[in-house]
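Beneath this line is the structure, given in structure tokens, with notes to follow.
We did not get these values from a lab; they are worked out from the coordinates using the rules stated. Bear in mind the structure is a predicted one, so any value in this text is a computation, not a measurement. Cβ placement follows ideal geometry from the backbone for every residue including glycine, while neighbour counts extend to all protein chains displayed.
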């Protein structure tokens with residue numbers, strides 16, 4: 001796999017990263033090489049970039065277009081419709097949410113891999129070392145279903161475990177994009193009381209109209 005393939009694959013799986021973040025995560029040096037790769041991928045219509053404050057974040061336009069560069073896959077992938085349950089839109093929205101939370105708090109929040117004693121690692125959506133802040137984001141519109149409530153509580157457990165693994169007492173945040181999505185975790189339910197007991201705070205940041213529309217469309221696909 002070429003570095004160009006690696007960069008495209010990374011952006012498809014992890015949308016919203018900057019050139020520097022991509023270079024660090026993929027260990028591609030010098031960084032100028034990543035800049036050249038990103039420019040070529042944009043020129044070929046495979047990536048787009050959006051400016052947020054002073055940096056550019058990169059997003060894949062279409063996995064199907066990339067397959068056109070591989071003759072043996074072009075027909076199969078080019079004709080494939082987006083499958084229900086794909087969450088690229090939600091991932092993009094969650095990255096946006098974390099960046100907005102960082103701006104609100106006046107901190108830099110980045111993804112963080114937390115190592116495990118017996119090997120491997122797990123990741124949190126947002127991390128700041130000083131002051132220690134850990135957050136998990138959920139881009140969802142409307143009240144959560146039963147399995148989704150479990151997902152949020154799993155995120156809460158992830159925050160508690162990460163906080164313990166890092167050996168600090170940090171500020172733990174569950175980040176939502178919608179008041180109705182967060183309401184169950186702020187009321188009198190056992191889940192809400194559990195979060196409060198463990199000092200896990202709730203933050204709500206509304207998505208811009210374009211991202212909100214994407215998330216709603218993704219949810220419709222998932223519920224079919």
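Worth pointing out:
- Rounded to 5, percent antiparallel among DSSP beta bridges of the chain: 60 percent
- For segment 150-218, the Kirkwood radius over C-alpha pairs fed into Stokes-Einstein at 4 °C and 1.567 mPa s yields D = 98 µm² per second.
- Residue order, fewest to most beta carbons within 10 Å, for 168, 27, 184: 27, 168, 184
- In degrees, nearest ten, helix 146-165 long axis to first principal axis of the chain (Cα): 90 degrees
- Rounded tilt (10° steps) of 209-223 against the dominant C-alpha axis of the chain: 90 degrees
- Ellipticity estimate at 222 nm from DSSP helix runs (n ≥ 4, -39,500 (n - 2.57)) divided over the chain, nearest 500: -14500 deg cm²/dmol
- Label-to-label distance, nm, for residues given as residue 61 and residue 132 (7 Å Cα→Cβ offset): 4.4 nm
- With a simple spin-label model that places each label point 7 Å from the Cα along the Cα-to-Cβ direction, the separation between residue 203 and residue 121 comes to 2.2 nm.
- Projecting label points 7 angstrom from Cα along Cα→Cβ for residue 33 and residue 113 puts them 1.8 nm apart.
- Computed E for residue 221/residue 104 - FRET, C-beta separation, R0 41 angstrom, nearest 0.05: 0.85
- Helix 31-43 axis versus longest C-alpha principal axis of the chain: approximately 70°, rounded to the nearest ten.
- Rounded to the nearest 0.05, the FRET efficiency derived from the C-beta distance between residue 147 and residue 210 at R0 = 25 Å is 0.35.
- FRET efficiency for residue 193 and residue 43, using Cβ-Cβ distance with R0 set to 45 Å, rounded to 0.05: 0.25
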